């Protein structure tokens with residue numbers, strides 16, 4: 001196994017309203033699923049850029065259950081995300097809805113995360129669906145821990 | 001984030017395919033409204049409207065050259081967006097690099113039972129799950 005290629009993250013826009021992130025993990029779907037649903041584990045990795053911590057991680061991982069993640073940094077800045085779980089199929093699928101509070105809530109982001117066994121571990125595919133192209137564009141500018149990229153922004157002709 | 005609102009406008013400006021095409025054209029060098037309108041099946045006023053959005057988003061600038069008003073890319077605006085996207089990508093990659101470590105500490109079998117040998121160099125509390133009331 002070559003970790004450099006196996007672990008490489010892909011991140012792309014799809015259509016006008018989707019963002020798709022893929023990433024391989026050298027662990028079972030059960031483990032990756034648990035790391036996405038157990039607050040004690042989420043607090044260790046879902047932190048975004050260096051310098052941020054997640055002091056509040058409340059998470060009721062069952063259909064209809066709510067969650068709330070709060071981040072802060074040393075300068076006292078902070079924001080939070082709230083959401084609801086729509087569907088949980090351990091260990092292969094999580095569907096949830098989330099919004100960021102900055103402090104006004106952003107439009108709902110519908111997120112489907114799949115964990116598929118791929119022989120050497122797990123391939124995660126996270127597919128976000130935003131209400132419209134404007135929202136996706138705004139999210140590109142304000143998203144943080146769920147950062148994303150629009151390939152068109154690279155302005156291919158500038159290369 | 002301090003760049004938030006400006007970048008918000010910049011990314012919103014890019015939600016339109018005509019405006020992305022105009023930026024791609026301008027990446028090859030400055031051009032007037034007439035030159036920019038030529039490859040598009042759009043009127044000059046329609047193109048001007050798109051250019052106005054791009055200008056307000058800080059992505060292009062115009063200069064005065066006699067009667068001409070050629071537009072060109074605003075390097076600072078484009079650079080700010082590029083930097084922001086790199087930061088976002090970097091933030092996600094950092095998340096998943098950390099997740100790799102979390103998973104390495106869990107495996108094998110930790111998803112079903114606590115791993116007693118786990119060292120305390122992480123903040124995980126491996127025995128708690130099994131002792132939960």
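Rule-based calculations on the coordinates, nothing more; no lab input. Small disclaimer: the values here were computed from a predicted structure and weren't measured. With ideal geometry, Cβ positions are generated from the backbone for all residues, glycine too; neighbour counts draw on all protein chains shown.
Taking R0 as 30 Å, what's the FRET efficiency between residue B:40 and residue A:116 from their Cβ-Cβ distance, rounded to 0.05? Taking R0 as 30 Å, the efficiency between residue B:40 and residue A:116 is 0.10. Between the stretch B:36-57 and the stretch A:5-63, how many Å separate their Cα centres? Here the two parts' Cα centres lie 40 Å apart. Note on residue A:93 and residue B:52: the model spin-label points, each 7 Å out from Cα along the C-beta direction, lie 4.7 nm apart.
Using R0 = 35 Å, the C-beta based FRET efficiency linking residue A:14 and residue B:69 works out to 0.40. Once the C-beta distance of residue A:62 and residue B:90 is scaled by a Förster radius of 25 Å, the resulting FRET efficiency is 0.15 to the nearest 0.05.
Measuring spread by the Cα atoms of the stretch A:1-129 yields a radius of gyration and Dmax of 15.1, 45 Å.
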